[in-house]
Amino acid sequence: MAGTFIGIGVGPGDPELITIKAVKALKAADVICVPKSHANRPSMALSMVKQILAEREKPAEILELVFPMTKDDLNNRKLWVENAAIVAEKAKKGNVAFITLGDPMLYSTFLYLYECVKETYPKIELEIIPGVTSVTAAAASSKLPLAEKEEVVSIIPSDLDPARIEETAKHADNLVFMKCAFHIKEFLPILLKAGFTENSTIALVKRCTLPEEKVLVGKLGDVDSWDITEDYFSVAIVKKSPVPIHWKQNGNGGKQ
Ligand SMILES: C[S@@+](CC[C@H](N)C(=O)[O-])C[C@H]1O[C@@H](n2cnc3c(N)ncnc32)[C@H](O)[C@@H]1O
């Protein structure tokens, strides 16, 4: 009888944003897989669940799985197959959890491994525990609604082809840029061509819900003068509508 492979969303950073269901699963799993982009780099997801794991009566086996961030599909596929075999071996003896930042179903390494396990080892039960995404966390931190009434919101990976960014922007009221959203200055001309204006609203949220969180809110036209430092953990929300009144009164006008 094979165990279950469980994808667990651990939220955007603040350990208090981990769901009760995720905590229960983390305390019960026999093995906890920790995805890493580099063997020597610490895992943010693991640091977020450290306290929960410390409260366990019997420690879990921590299994680090390395998934380098590359666009080499062939090599990536080889890694997923290898890692799926490791998961399958561990699942013979118990439940295997895989922690992922935010939600497992949104731009997560878990998805590829999940597909690979599903295809190759059909006897393994699969479960997914959702998490608070960086998208909703960034909206909360910047106090900007993602969508209201009939508004359309689109999520864009920042390395998308500029023509597709423009096409998507034409059909949306609000946009969320993920994966290296600190490149936002480069998208300004595209957004202006797509119907956004200098008075549209923009928020750039770095390391949201973590102690070092930085939130910038202002007019799209002012972004060029913002001092934006490079940080993979950044999300930008761009709204066609002008900056809301509460931000005009209390906002930071682009200062961190
Ligand atoms: C591979 S995606 C993972 C998304 C994740 N599964 C989610 O649900 O939020 C990584 C991107 O998520 C965003 N991200 C994740 N955590 C973040 C945080 N605490 N603050 C800002 N952005 C974050 C960044 O855009 C980052 O480049």
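The values are calculated or read from the model by the stated rules, or taken from the named source; none is laboratory data. Note that the structure is a prediction, hence the values are computed from the model and not measured. No Cβ is skipped: glycine too gets one built from the backbone with ideal geometry, and neighbour counts run over all protein chains shown. These accessible areas exclude ligands, DNA and RNA; they are computed on the full protein's heavy atoms, side chains included. Shrake-Rupley method; radii C 1.70, N 1.55, O 1.52, S 1.80 Å.
Quick one: is E115 open to solvent by 40 Å² or more (accessible area, probe 1.4 Å), out of contact with any Pro (no Cβ under 8 Å at 6 or more places or on another chain), not assigned by TED's automatic domain parsing to the domain that holds F196 and not small (G, A, S)?
In short, yes.
If you check S142, S134, which single one turns out to be within 29 Å of P242 (Cα to Cα) and in contact with a Pro (Cβ under 7 Å, 6 or more places away or on another chain)?
After ruling out the rest, the residue left standing is S134.
Are there any pairs, at least 6 apart or on different chains, whose C-beta atoms fall under 8 Å, with the first in region 3-23 and of a type in the set (D, E, K, R) and the second open to solvent by 20 Å² or more (accessible area, probe 1.4 Å), and if so, which?
D14/T209; D14/L210
Out of the residues in region 3-17 meeting the condition of being open to solvent by 20 Å² or more (accessible area, probe 1.4 Å) and within 16 Å of the ligand (Cβ to nearest atom), tell me which one is farthest from Y107 (Cα to Cα).
Per the criteria, the residue is E16.
Among the residues that make up region 196-206, is at least one of them touching a residue at least 40 places away in the same chain (Cβ under 8 Å), among the charged types (D, E, K, R) and within 16 Å of the ligand (Cβ to nearest atom)?
Within region 196-206, not a single residue is touching a residue at least 40 places away in the same chain (Cβ under 8 Å), among the charged types (D, E, K, R) and within 16 Å of the ligand (Cβ to nearest atom).
Please enumerate the residues belonging to region 216-236 that are within 10 Å of the ligand (Cβ to nearest atom) and either under 24 Å from S47 (Cβ atoms) or surrounded by fewer than 18 Cβ atoms within 10 Å (Cβ to Cβ) (or both).
D231, Y232, F233, S234, V235
Hand me the list of helices (runs of 4 or more DSSP H) wholly inside region 43-155 holding 3 or more residues that are of a type in the set (V, I, T).
The qualifying helices (runs of 4 or more DSSP H) are 73-91, 109-120.
Any residue at all in region 29-44 that's closer than 22 Å to K90 by Cβ, among the polar types (S, T, N, Q) and loosely packed, with under 14 Cβ neighbours inside 10 Å?
yes
Could you look through region 45-58, keep only residues that are closer than 16 Å to G94 by Cβ and not hydrophobic (A, V, I, L, M, F, W, C), and pick out the one that is most open to solvent (accessible area, probe 1.4 Å)?
Taking the candidates together, the pick is E57.
If a residue has to be open to solvent by less than 70 Å² (accessible area, probe 1.4 Å) and not aliphatic (A, V, I, L, M) to count, how many in region 186-201 make the cut?
Residues that pass the stated criteria total 6.
Taking R207 and the conditions (1) within 27 Å of L17 (Cα to Cα); (2) touching a helix residue (DSSP H, G or I) at 6+ places or on another chain (Cβ under 8 Å), which numbered condition does it fall short on, given that it satisfies the others?
Among (1) within 27 Å of L17 (Cα to Cα); (2) touching a helix residue (DSSP H, G or I) at 6+ places or on another chain (Cβ under 8 Å), R207 violates only (2).
Scan L160, L126, L106 and give me the residue that is open to solvent by 10 Å² or more (accessible area, probe 1.4 Å), over 22 Å from D222 (Cα atoms) and near the ligand (Cβ under 10 Å from one of its atoms).
The unique qualifying residue is L106.
Within region 84-99, is even one residue within 13 Å of the ligand (Cβ to nearest atom) and modelled with pLDDT of 95 or more?
Yes.
Select from region 169-184 the residues that are within 16 Å of the ligand (Cβ to nearest atom) and in a helix (DSSP H, G or I) and list them in ascending order.
Selection gives A181, F182, H183, I184.
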